[in-house]
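Heads up: the structure comes next, in structure tokens.
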């Protein structure tokens, strides 16, 4: 039990540090699906206790269109149409949530033209994030998530670009266990 507490407390503590760094920016720290097998619910609970939000609980909660899907389908629009067709999602965006991973401003434009309303901005430096946010904000209801290469030291700067979320896999993957003790003090 102590090992669980030290691990989960470290996740909550790390999440709180990110949430505090983002305070007042409007951006929210989120976890990823990258967790220890069998601990998904507990680790995601620890993120919420620390002031973060959960991205998704499992693969079935949303479709994530990644670079391999785009390459296989022949483009972002084709990949999104394939996902909508397979999942029963309608062109107006209702149904299954589809998130598109983009690593350039041109890909953001393609995703928006294809109807994407949730875009993951992958490994973009801050100046590129600013351009991507400016392009996306011309569309109503678009949510933007920065991911990859994020550090607590630059969290505020990334949030200041106008993204809605910072997705941080390290919350659950790299948090160091807190040094907690469980001592019994018997009575004489």
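If a spin label sat at a point 7 angstrom from the Cα of residue 13 along the line to its beta carbon, the backbone N atoms of region 136-157 nearer than 19 Å would be those of 152-153. Rounded to the nearest whole Å³, what is the per residue volume of the convex hull around the Cα atoms of region 1-80? Residue-normalised Cα hull volume stands at 116 Å³. A quarter of the convex hull surface defined by the alpha-carbon atoms of the chain gives 12.7 nm² as the mean projection. When peptides 3-10, 98-105 are sorted by average Cβ neighbour count within 10 Å, with the highest value leading, the order is 98-105, 3-10. Between 0 and 90 degrees, rounded to the nearest ten: what's the tilt of helix 40-49 against the longest Cα principal axis of the chain? Value to nearest ten degrees: 80. From largest to smallest, the equivalent ellipsoid semi-axes obtained for region 61-159 from the alpha-carbon gyration tensor read 24, 13, 12 Å. Taking a spot 7 Å from the Cα of residue 96 along the direction of its beta carbon, which residues of region 119-137 have an amide N less than 19 Å from it? Output list for this probe position: 119-120. Principal-axis analysis of the Cα atoms of the chain puts helix 76-87 at an angle of about 70° to the longest axis.
The angle separating the long axis of helix 2-22 from the principal Cα axis of greatest extent in the chain is about 50 degrees. Available extension along the chain between residue 81 and residue 1 is 24.1 nm, counting 0.36 nm per residue and deducting the alpha carbon span.
Among 14, 113, 27, the residue with the largest mean-square fluctuation in a Gaussian network model of the chain, with springs joining Cα atoms closer than 10 Å, is 113. Counting beta carbons within 10 Å around each of 35, 11, 119 and listing the fewest first gives the order 35, 119, 11.
The numbers here are math on the coordinates, done by the rules we state, and not lab data. Bear in mind that the values here come from a model prediction, so they are computed numbers and not experimental data. Using ideal geometry, Cβ is built from the backbone for each residue, glycine included, and neighbour counts are taken over all protein chains shown.
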